[in-house]
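**Q** Have a look at this one before I ask anything.
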Amino acid sequence: MAAESRRRRGLGLFFVLSALLAGAAAYWLYDRYTGFADAPLTGLEAGDTLLVERGDSFKRVLSKLREAGVRDGHELEWQALAKQLGAIGRVQVGEYALEPGLTPRILLERMRDGRIVSYRFTIVEGWNIRELRAALAKATPLVQTVGELDDAALMDRLGRAGVHPEGRFLPETYVYTRGDSDLDILRRANQALDRTLQAAWESRAADLPLKTADEALVLASVIEKETGIAEERPQIGGVFVRRLRLGMRLQTDPTVIYGMGSSYAGNIRRADLLTDTPYNTYTRDGLPPTPIAMVGVDAIRAATNPADGDALYFVAVGDGSGRHVFSRTLDEHNAAVREYVRRYRERFGPK
């Protein structure tokens, strides 16, 4: 009996010790697992990314992580965490940021939810088509597809064959992801411009001396180039609309400069004002044949809903503010021009 009792006590102690060891092992595994899930990954630097491509298995994604320098965690730990988070079979295609401080849990949640890296490209108000194309050519990681196309071929690719590209892309910031192309950006910008122009044209002021929405776009481009002061645009639009109604020439320097093309060297001379081109509004009546720049929403609204008034002239103040003096008569305008010249000479010396 004593021997049997000792045997039972020994078995009991064995089971107790086994249970304690199993519990300790389970706790150690749990602590290791949770520590892995929420510990910052090592080997990452600012700017690192992970590209998940169509057809990548979860094992291939882990292999790409290793190639990116991540050594943390065993494959079983990654699989267990992915299963817990519902990421197995749901990792979405795209590019993911691998910034320092990122944990396995956050990374897998991002890949499960498709929170991919995005980039931005901004079209600036007043750019011409050459400046827009040059900026697109430098944008990374945009896929470059239009660099070898001339303007006519470019517009044909956009489904706008025969349309001049100047002014046809709305200035704003466009968000894109890796794999998008320069043509994708241009298509979105062209469609945004069409929507904005059509809405403005449908709500235009009565009795505008403009026959079409395209004419409004041309006028808006001139307004865009004449001032960077948003609140002045409706006033400048009003001046040009009144001139068109009266049959006066627009006589605006930005159209002359555009017509000079690459020969413009930063200074416009009297001889340039007298040299006839299709865009010289000192030598030709009416609007220029096409827009002369990319046009923002404010300039489009200023062309379709210009400010009331009686001013027919304007000239820069000359104090560096970019603002203008508006005049009703030629005598008033000439006085404002003399004041501009005086201020210019005070700031920069004889002109």
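**Q** I'd like to know if segment 240-252 contains one or more residues that are under 20 Å from GLU125 (Cα atoms), in contact (Cβ under 8 Å) with a residue 40 or more places away in the chain and in contact with a Phe, Trp or Tyr (Cβ under 8 Å, 6 or more places away or on another chain).
**A** Here is the first cut: in segment 240-252, the ones under 20 Å from GLU125 (Cα atoms) are 240, 252.
The next check asks that each one be in contact (Cβ under 8 Å) with a residue 40 or more places away in the chain; those that pass are 240.
Then drop every residue that is not in contact with a Phe, Trp or Tyr (Cβ under 8 Å, 6 or more places away or on another chain), which leaves none.
Within segment 240-252, none of the residues are under 20 Å from GLU125 (Cα atoms), in contact (Cβ under 8 Å) with a residue 40 or more places away in the chain and in contact with a Phe, Trp or Tyr (Cβ under 8 Å, 6 or more places away or on another chain).
Results for (1) under 19 Å from GLY126 (Cα atoms); (2) assigned by TED's automatic domain parsing to the domain that holds VAL163; (3) assigned to a strand (DSSP E or B), shown as yes or no for each residue.
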{"position": "TYR279", "(1), (2), (3)": "yes, no, no"}
{"position": "ASP285", "(1), (2), (3)": "no, no, no"}
{"position": "PRO291", "(1), (2), (3)": "yes, no, no"}
{"position": "ALA303", "(1), (2), (3)": "yes, no, no"}
{"position": "ASP308", "(1), (2), (3)": "no, no, no"}
{"position": "ALA311", "(1), (2), (3)": "no, no, no"}
{"position": "GLY318", "(1), (2), (3)": "no, no, no"}
{"position": "GLY322", "(1), (2), (3)": "yes, no, no"}
{"position": "PHE326", "(1), (2), (3)": "no, no, yes"}
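**Q** Considering every residue within segment 156-179, establish whether at least one is touching a residue at least 12 places away in the same chain (Cβ under 8 Å), outside any loop (DSSP other than H, G, I, E, B), surrounded by fewer than 14 Cβ atoms within 10 Å (Cβ to Cβ) and not hydrophobic (A, V, I, L, M, F, W, C).
**A** Keep residues of segment 156-179 that are touching a residue at least 12 places away in the same chain (Cβ under 8 Å), which gives 157-158, 160, 164-179.
Now restrict to residues that are outside any loop (DSSP other than H, G, I, E, B): 157, 173-176.
Next cut, surrounded by fewer than 14 Cβ atoms within 10 Å (Cβ to Cβ) only: 173, 175.
Of the ones still in play, those that are also not hydrophobic (A, V, I, L, M, F, W, C) are 173.
Yes; the residues of segment 156-179 include at least one that is touching a residue at least 12 places away in the same chain (Cβ under 8 Å), outside any loop (DSSP other than H, G, I, E, B), surrounded by fewer than 14 Cβ atoms within 10 Å (Cβ to Cβ) and not hydrophobic (A, V, I, L, M, F, W, C).
**Q** Return the pair list, or none, for Cβ contacts closer than 6 Å from residues in segment 211-228 that are within 14 Å of THR196 (Cα to Cα) to residues that are of a type in the set (Ser, Thr, Tyr), at least 6 apart or on different chains.
**A** ALA216/THR304
**Q** In segment 228-271, what count of residues is obtained for those that are within 31 Å of the chain's Cα centre (by Cα), more than 15 Å from GLY309 (Cβ to Cβ) and β-branched (Val, Ile, Thr)?
**A** 5
**Q** Quick one: in segment 85-104, which of the residues that are among the charged types (D, E, K, R) and within 15 Å of VAL61 (Cβ to Cβ) is farthest from the chain's Cα centre (by Cα)?
**A** Going residue by residue through segment 85-104, those that are among the charged types (D, E, K, R) are 90, 95, 99.
If we keep only those that are within 15 Å of VAL61 (Cβ to Cβ) too, we end up with 90, 95.
On the way: ARG90: 30, GLU95: 19 Å.
Here the answer is ARG90.
**Q** How do the strands (runs of 3 or more DSSP E) wholly within segment 44-145 filter down when requiring 1 or more residues that are at positive phi: which remain? Talk me through it step by step, then tell me what you get.
**A** Numbers: elements: 49-52, 94-97, 119-122.
Answer list for segment 44-145: 94-97.
**Q** Given the conditions (1) crowded, with 16+ Cβ neighbours inside 10 Å; (2) over 17 Å from GLY159 (Cβ atoms), report the number of the one that LEU183 does not fulfil.
**A** Going through the list (1) crowded, with 16+ Cβ neighbours inside 10 Å; (2) over 17 Å from GLY159 (Cβ atoms), LEU183 breaks only (2).
The values are calculated or read from the model by the stated rules, or taken from the named source; none is laboratory data. None of the values given here were measured: they were computed from a predicted structure. Heads up, the Cβs are rebuilt from the backbone with ideal geometry, glycines too, and the neighbour counts pull from every protein chain shown.
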